[in-house]
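The values are calculated or read from the model by the stated rules, or taken from the named source; none is laboratory data. What you are looking at is a predicted structure, and each value in this text was computed from that prediction instead of being measured. All Cβ positions, glycine included, derive from the backbone under ideal geometry; neighbour counts span all protein chains shown. To get the accessible areas, we keep the full protein, side chains included, count just its heavy atoms, and leave off ligands, DNA and RNA. Shrake-Rupley method; radii C 1.70, N 1.55, O 1.52, S 1.80 Å.
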Amino acid sequence: MMTHAKEAAYTERPKDPVCGMDVLPQSAADTVSHAGQTYYFCSRGCASKFKSDPHKYVESKPELQHSLAASDVRTCPMHPEVRQKGPGNCPTCGMALEPAMPAAPLTRTEYTCPMHPEIVRDEPGTCPICGMALEPR
């Protein structure tokens, strides 16, 4: 049977101040004490970022709090199917959502014959008139 103290240890999940992921203190990859508080990290990479500039992650900056644009869609780096407007945490892993990067526009490459510009194809190949290799345009 679990005691209340052990139960609390299993349910306490502080957030990694760098990525926002929920971290179990007993399985944290690293810990850092700063200004009298212990911070828990999901990875050594997050701990390293924190150590290099702890104030960036622990102090709230009112000037950075601004209204969200209508297109401010966020997603989880570990679960890209999770998408929402505005900041928040992933419901699956607890990691902080990051701005979704818009997909690169798909560009269609056309191939043409340097000697017969009227020959245009969607794929590389040879010109049906002279046999020269088609070049991208």
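Return an integer: the convex hull volume of the alpha-carbon atoms of the range 81-129, in Å³ per residue.
Cα convex hull per residue, to the nearest whole number: 124 Å³.
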- Item | Net lengthening on full extension, M132/M101 (0.36 nm per residue, minus Cα-Cα) | 7.1 nm
- Message: Per 0.36 nm of contour for each residue apart, how much would the distance between T31 and E81 grow if the chain were fully extended, relative to their Cα-Cα spacing?
- Response: 15.0 nm
- Task: May I ask for the net charge around P99, where only other residues with Cβ less than 14 Å from the Cβ of P99 are counted and Lys, Arg are +1 while Asp, Glu are -1?
- Result: +1
- For an R0 of 41 angstrom, estimate the FRET efficiency from the Cβ-Cβ distance between E123 and T92 and round to the nearest 0.05. 0.50
- Message: Counting heavy atoms of the protein chains only and a 1.4 Å probe, report the per residue accessible area for the range 71-137 as a whole number of Å².
- Response: 72
- Note on the structure: Scoring only Lys, Arg, Asp and Glu (+1, +1, -1, -1) among other residues with Cβ under 13 Å from the Cβ of G86 yields +1
- Item | Amide proton proximity set for H34, modelled H, under 5 Å, gap of 5+ | Y39
- For the range 38-50, Karplus couplings with θ = phi - 60° (6.51, -1.76, 1.60), whole Hz, Gly/Pro x: 9, 10, 10, 10, 6, 8, 5, x, 5, 5, 5, 4, 4
